[in-house]
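J.: Dropping the structure in here first, questions after.
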Amino acid sequence: MSLFITFEGGEGSGKSSVIKVIEEKLREINFNNYITTREPGGIKISEDIRDILLDKNNTTMDERTEALLFAASRRQHLAEKVIPALKMGKVVLCDRFVDSSLVYQGIARGIGIDAVMNINSFAIDEYMPDVTFLLDLDPEIGLMRINKNKDREVNRLDLEKIEFHQKIREGYLFLMNKFPSRIIKIDASKDIESIASQIFNIIIKRINSEKS
Ligand code: TYD
């Protein structure tokens, strides 16, 4: 049994905190057959690409370059970490995957979903998530959460205007309608604990149905 689960959402939607709580819950029930990861996932080549992507000085980056670099970073993380774990029959919980590119580069940057999907198809080679949790939140609230958290580094994409983040939210909702059987919308305005419990219950059901 393997299960590829991804988490998506705009800035400050709480993905990483929610994943941490889910991880604790899995450990509590002694379920150890999983990994949690995020792009670029500690993979050296992907980290190096990410440094270029998020560098605040790279203000002249062309949007197609941005899309290609995200796809390249994704490929390496997938090949080095995600595919081996899936082949070992693990549950993979991944913070962001191809939907991030479809929404950020395809919709918000305006390259188009189909064009971004084309370059990503080459990168992911049919490895699509089994389930995707979309942490949906008003970007005004998301950005407020980020600004409160002083420890979090501000990256190039955080500096975008509110309209950009609004487009991200709408883009994700559009994707959800396009892939209704894969993408599950979660109300991310609730507290982290209740969001995590809701997602955890769905994951456990999926694990059990994969087993049977
Ligand atoms: P990160 O610090 O990982 O943000 P978050 O904590 O919100 O996940 O920074 C990743 C940034 O890159 C984030 O603004 C989303 C953006 N991004 C894309 O534009 N396209 C992509 O394919 C991915 C994976 C991320």
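J.: For the range 88-106, enumerate the residues that are assigned to a strand (DSSP E or B) and more than 8 Å from the ligand (Cβ to nearest atom).
T.: Selection gives Val91, Val92, Leu93, Cys94.
Table: residues versus (1) surrounded by 12 or more Cβ atoms within 10 Å (Cβ to Cβ); (2) at pLDDT below 95.
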| residue | (1), (2) |
| --- | --- |
| Asp138 | yes, no |
| Lys150 | no, yes |
| Glu153 | no, yes |
| Arg156 | yes, yes |
| Ile162 | no, yes |
| Arg169 | yes, no |
| Tyr172 | yes, no |
| Lys190 | yes, no |
| Ala196 | yes, no |
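J.: Same structure again: Name the residue, out of Ala115, Ala85, Ala79, Ala123, that is at pLDDT 95 or above and within 13 Å of the ligand (Cβ to nearest atom).
T.: Ala123
J.: Can you name the residue in the range 9-36 that is over 15 Å from Ile203 (Cβ atoms) and surrounded by 18 or more Cβ atoms within 10 Å (Cβ to Cβ) and, of all such residues, is farthest from the ligand (Cβ to nearest atom)?
T.: Top of the filtered list is Gly14.
J.: Find all pairs meeting these conditions: Cβ atoms under 7 angstrom apart; at least six residues apart or on different chains; first residue within the range 95-113 and farther than 13 Å from Phe174 by Cα; second residue more than 7 Å from the ligand (Cβ to nearest atom) and in a loop (DSSP other than H, G, I, E, B).
T.: Here the result reads Phe97/Pro129; Gln105/Ile111, each pair linking the range 95-113 to a residue that is more than 7 Å from the ligand (Cβ to nearest atom) and in a loop (DSSP other than H, G, I, E, B).
J.: Exactly one of (1) acidic (Asp, Glu); (2) farther than 22 Å from Ile183 by Cα; (3) touching a Ser or Thr at 6+ places or on another chain (Cβ under 7 Å) is unmet by Glu39. Its number?
T.: Condition (2) is where Glu39 drops out.
J.: Please specify each residue of the range 157-182 satisfying the condition of being farther than 16 Å from Ser13 by Cα and either among the aromatic types (Phe, Trp, Tyr) or within 16 Å of the chain's Cα centre (by Cα) (or both).
T.: Result: Phe174, Leu175, Met176, Phe179, Arg182.
J.: Could you tell me whether any residue of the range 181-189 is without any contact (Cβ under 8 Å) to a residue 24 or more places away in the chain, within 27 Å of Lys25 (Cα to Cα), of a type in the set (S, T, N, Q) and not in a helix (DSSP H, G or I)?
T.: Yes, the conditions are met somewhere in the range 181-189.
J.: Which members of the range 52-72 meet the condition of being closer than 20 Å to Gly112 by Cα, of a type outside the set (D, E, K, R) and within 12 Å of the ligand (Cβ to nearest atom)?
T.: Leu53, Met61, Ala67, Leu68, Leu69, Phe70, Ala71, Ala72
J.: Just to be sure I understand, how many residues within the range 126-140 are touching a residue at least 24 places away in the same chain (Cβ under 8 Å), away from the ligand (no atom under 11 Å from the Cβ) and closer than 16 Å to Arg169 by Cα?
T.: The number of residues fulfilling the criteria is 7.
J.: In the range 74-112, what count of residues is obtained for those that are under 16 Å from Phe7 (Cβ atoms) and of a type in the set (Val, Ile, Thr)?
T.: Matching residues across the range 74-112 total 5.
J.: Within the range 39-51, take every residue that is surrounded by fewer than 14 Cβ atoms within 10 Å (Cβ to Cβ) and either among the hydrophobic types (A, V, I, L, M, F, W, C) or within 13 Å of the ligand (Cβ to nearest atom) (or both) and give me the one that is farthest from Lys15 (Cα to Cα).
T.: In this case the residue turns out to be Asp51.
The values are calculated or read from the model by the stated rules, or taken from the named source; none is laboratory data. Everything quoted here is computed from the prediction, not taken from an experiment. Cβ sites come from the backbone with ideal geometry, for glycine too, and all protein chains shown count toward neighbours.
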